[in-house]
1. How many angstrom separate the Cα center of the stretch 115-161 from the Cα center of the stretch 7-84?
2. Under the 0.36 nm per residue contour assumption, what length would be gained going from the current alpha-carbon distance of M493 and S282 to full extension?
3. Run through the stretch 3-69 and list the chymotrypsin sites (Phe, Trp or Tyr not before Pro) located in a DSSP loop whose Cβ has at most 13 other Cβ atoms within 10 Å.
4. Subtract the Cα-Cα distance of E116 and T93 from 0.36 nm times their separation in residues, and report this length gain in nm to one decimal.
5. For the residue pair S27 and S48, what label-to-label distance in nm results when each label sits 7 Å from Cα along the Cα-to-beta-carbon direction?
6. Quick one: what does P(r) look like for the stretch 50-191 with 10 Å bins over all Cα pairs, in whole %?
7. Packing-wise, with mean Cβ within 10 Å as the measure, how do 505-518, 287-300 rank, highest first?
8. In nm, what is the difference between 0.36 nm times the number of residues separating Q362 and E443 and their Cα-Cα distance?
Amino acid sequence: MKFMKLGAKPEAFYTAENFRSVYSEVSSDFEIQVNGTKYLLHKFPLLSKCGLLQRLAAEACDSDKGIIELTDFPGGLEIFELCAKFCYGIIVTVSAHNVVAVRCAAEYLQMTEAIEKGNLIYKLEVFLNSCILHGWKDSITTLQKTKSFLPLSEDLKIVSRCIDAIACKAMVDPSRVTWSYNYARGHRDHKGCEHASSPSLNELPSRRYHSVPKDWWVEDISELEIDLYWRVMLAIKSTGKISSLLIGEALRVYVSRWLPGMSKEKGNTRGNSSDKQPEITSRHRLLLESIVSLLPPEKCSTSCRFLLKLLKAATILGVSPSSKMELARRVGLQLEDASVNDLLIPSLSYAKETLYDIDLVQTILEHFLMQSQSPPTSPVHNRHKYETRRSRSAENLDFAESRRSSSAAHSSKLKVAKLIDAYLAEIARDENLSISRFISLAEAIPDFARPIHDDLYTAIDIYLKEHPGLSKSDRKCLCRLLDCKKLSMEACMHAAQNELLPLRLVVQVLFVEQVRAAMAGGLVHELPNNIKALLSSQEEDSQEVPESSTFENVWDAASHTAKSPKGRDTMTLKMQLEEADNEAPEIRQEGPKNSKLKTIYSLPSKHRKFFSKLWSSNKSVSEKL
């Protein structure tokens, strides 16, 4: 750290009774009271350098006042004594820790060049410009000290000069960094080229280049409070020379340092590490809103996980709706990188009874889906008569590029669909989650993004278990989300034994499995139209139909299909059930050896009774076979 020494005389101030004075052969003739403390000093050294004291002394003589009072002196008694020692020629030391206070005090006392050449203000300005602002840590320390002397330090342009100096140094190529800095994230403290044991001249350039990371400046400026940090980052961003990824990393480090609970790294939080919830203060809200305004516009400049952490903190701290929606929009741009735990944002609103903020997640999902709906921009062609046609190779490159981007977008939607299905399975355990919210979020995913419905079936199964009081119509509405043809064999086996599902869905699952097995064996190459219609039907009439009538209609469709050679294998399910009913009691106890019969016996009892009813009510159909 750079410092400046002024004066040559030794220390001469002392305390006697209730006043401070200076050892001198000349008796004191000047009494000053500074912030309640009396000083017995001499007029000549003080009045020769301080314009304010000249004016106050003249006013005191005119009004017969013996004491000059200085209230609200910048820096207090310590800085006043430093200025007084400068006037006496006593040795004083100025560094980055006190240069702001001394500069403001000198301005207050009017210690200008008009009073005396080489006065204190001039010397301080030379020291600031030639030493302090040329140093990295000195500039940061000086900027921190300006907080205590606002608005005077702002008027003297100390704040702006420090910000410009810091921003200028942050843009320096890492290979040219020759000053000390802190870098604790690599589990070591880098010191640039200022090493405890200086390397040889041959090692210095190579070691300097490899030891200085690109984000060497990030941790040092994170010491600043949010108002100064915001201005420094704006100055750095305005240059356009720092990458958005580096800006994002700087913001992440700053948030981890100043927001409690945002980082698990030791020593990186300002708050008490034992606190489970962040302290809700206006300072934290201001910090978070300022960080949101500094986020780079480029996609993936910050990780999706970091953005979701900010969103959780924004919900807890109650930041402005605009900042919250901006975070939701940015998360939506890279939702495919999120995890289920990241999306579990607590709902703290008294109007919402759910554990998690589902509306916010749905807003994020809408932003994700909207980014792929924007029309592609095509270059504007010049229609001048001398316009040259683009080469076929260039058109092929454009086509290949569009194919790649389309493939990437499709892959992202597949990832997000699996993410939302897993999220649905997690929130389905919430007893207060309404079926309308569950269905609304599930239906927001496009059909093509769910090639397999296993995860969705898992979420629906959990919801049915956690909400046993659902009506029959609600269960049907919920199960309309499922496409039986997109369920795997394991999911179909589970669904066939699931007593919570509507019987209509169980019938569809069993038909799908039977037809799938037949097609896999090469016996059926294409489904008959009536079976297709049966399996693709996911809607029922609004009016309630008697259960027996519905079952007969389903079986009639299957029996008519069985009359055709292609559909004959679909009747094997009926035959297997009839064989199962004719099994001897001892065989039933041991269990059927046929794997298909095992599947039938694994059905819940009410489902087996239902199918037995179907077979007995359609004996005429079986006789025709």
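1. A separation of 24 Å, based on Cα centres.
2. Working: separation 211, 0.36 × 211 = 75.96 nm, distance 5.53 nm.
Contour length minus the Cα-Cα distance gives 70.4 nm.
3. On the way: sites: F3, F13, Y14, F19, Y23, F30, Y39; in loops: Y23.
Sites meeting the loop and neighbour criteria: Y23.
4. Details: separation 23, 0.36 × 23 = 8.28 nm, distance 2.06 nm.
So the extension gain works out to 6.2 nm.
5. Placing both labels 7 Å along Cα→Cβ, they lie 2.2 nm apart.
6. 10, 35, 29, 16, 7, 3, 1
7. Packing proxy ranking, top to bottom: 505-518, 287-300.
8. Values: separation 81, 0.36 × 81 = 29.16 nm, distance 1.07 nm.
Full extension from Q362 to E443 adds 28.1 nm.
Computed from the coordinates by the stated procedures, all read-outs in this text should not be read as laboratory data. As the structure is a computational prediction, the values presented were derived from the model and not from experiment. Every residue, glycine as well, gets a Cβ built from its backbone with ideal geometry; the counts of neighbours run over all protein chains shown.
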